[in-house]
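Laboratory data are not the source of any read-out in this text; all were calculated from the coordinates shown. This is a predicted model, so every value here is computed, not measured. Counting neighbours? That spans all protein chains shown, and the Cβs are built from the backbone with ideal geometry, glycine included.
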Amino acid sequence: MFPLQLFFSSFMILGTFLMLFSPNYVSIWVGLELNFFGFLPLMADMKETQTLEASMKYFLVQAFGSSIFLTGLFLLTYSNFMNTNFNFPHTLMILAISVKLGIAPFYFWLPSVMSGLSWKNCILLNTFQKFGPMLLFTHLFSWNSFILMMIITTSLIGGMMGMSQTQVRSILAYSSLVHMSWILSLGFYSLCYMLLYMFIYFILSSLVFMHSAKKNSIRISSTTPKKLSLLASLLSLGGMPPFTGFSMKLLGLQILISEASIMLTSMLVLSSLLSLYFYLNLLFSWMSQTSLSTEILTKTESVMIITMSFGLT
């Protein structure tokens, strides 16, 4: 299987580079499709019914997003040919990228798909598969009230819907909506801070996925070093001071306060508080079900925990 995995992974990487460095919309669409068709075989597992169902959902949603993008591209070409000022094609393209990302109003598929994937594929879906579309979203389109409402809605949905979840994958999926709202907001004002936030978030979420157990519930059983490492990662993702996640939100907040609207900044802070609540709720439930042993941390594990515990500021 390794040669096939390498082959399909190369399609994912090639598609991402193509969509980021394409000179026109057609090449961007080709890059999106290469990335999609490279990831789909990696996530499909013929032995697992739940994984097959998640793969089919992902295929249908991504195909729907691609059709919207092509429709917008056709209308944009037509409006340019007719020399008309027609904004509807750009709106369709915005909606197409939102489908690809899983943000409002098309957020519903992301928690459902992530719940059926393996942890390895959850990492890919939550990190690498979002990198290209998020950069496209902030560079292809200009900031407007429609995008503002999409980002605010996404952040609030992620914060409120996550409070009622008890499965780790679903919690991380709704948490990703909150983080994507921060990343997309920063992307319209500072590419540097956007990439920094994205990089830290990808590392933290990957650590959580790698340390999580195979069971899809809040009962996480592991050794004491792994528990402490997972604890630090979850609190950091929730934005608890003085962890790294709080520092990256604080840096982003400084940019948004000076550049963005008060309403956007307030909603992002509110959604972050809600996400912190359900992370703490998850941890309290987990700690009430498990007891710590007296294992000794290795040097590597200690460094990992200390690194995640310190902020950047």
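Details
- Pairs from 57/100; 47/100; 57/120 whose Cα-Cα separation, in the structure shown, is over 23 Å: 47/100
- With the cut-off at under 12 Å, measuring from each backbone N in the range 1-35 to a point 7 Å along the Cα-to-Cβ line of residue 80 picks out 23-28.
- Loop-located chymotrypsin sites (Phe, Trp or Tyr not before Pro) in the range 38-103, at most 15 other Cβ atoms within 10 Å (DSSP): 86
- Estimated inter-spin distance, residue 269 and residue 45, nm [label 7 Å along Cα→Cβ]: 4.3
- Gain upon complete extension [residue 160, residue 240; 0.36 nm per residue less C-alpha separation]: 27.0 nm
- Residue 22-residue 5 pseudo-label distance in nm [points 7 Å out on the Cα-to-Cβ vector]: 2.9
- Kirkwood-type radius of the range 22-113, with distances r between different C-alpha atoms, in Å: 14.3
- For the range 153-176, the residues whose amide N sits under 19 Å from a probe point set 7 Å from the Cα of residue 108 along the beta carbon direction are 153-165, 170-171, 173-175.
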